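Some notes on the structure that comes next.
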Amino acid sequence: MASASAHKGTGETYLFSGYARLPQDVSHQPVYGRVGVVLEVDGQGVVVGCSSTLLMDLARDFLARLLVGRSVLAERELIEATVRQRYRGHSQSALISALRKLFEAVDQSPIALGGRPAASPSP
């Protein structure tokens, strides 16, 4: 899997992932069934690395270039709009769904909760 990383500092980062079902007409649907997006995010919510289960190197690298440097806290609508406008591959809708699931994970993390861990569900 390709990865793009612009983070060279020693600050704390977080890893988030999201997955979504691929459409039947996508070449890697028989291999994976789902598409995965994994982002490394710094403490301010900025994407510093991106990896995905997209089959082609160019598609993985292109997605990474679209996402690295964007904020998963403040630029969610822009991230989605950019993927919708510029990523014209057949996996587009699955990528957007995977990103939305990833954003849900961000919402339960210390970067979204001001450094506090998410509350554990009660039994």
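Every number here is computed from the coordinates shown, using simple stated rules; none is lab data. Worth saying up front: this structure is predicted, and the values here are computed from it rather than measured.
Counted over the range 11-107 with a bin width of 10 Å, the fraction of Cα pairs per bin, in whole percents, is 17, 55, 24, 4, 0. Working from Cα pairs under 8 Å separated by at least six residues, relative contact order for the range 11-107 is 34 percent. The HN-Hα couplings worked out from phi for the range 59-70 by the Karplus form 6.51 cos²θ - 1.76 cosθ + 1.60 (θ = phi - 60°) are 5, 4, 5, 5, 4, 4, 5, 5, 9, 4, x, 8 Hz, whole numbers, x standing for Gly and Pro.
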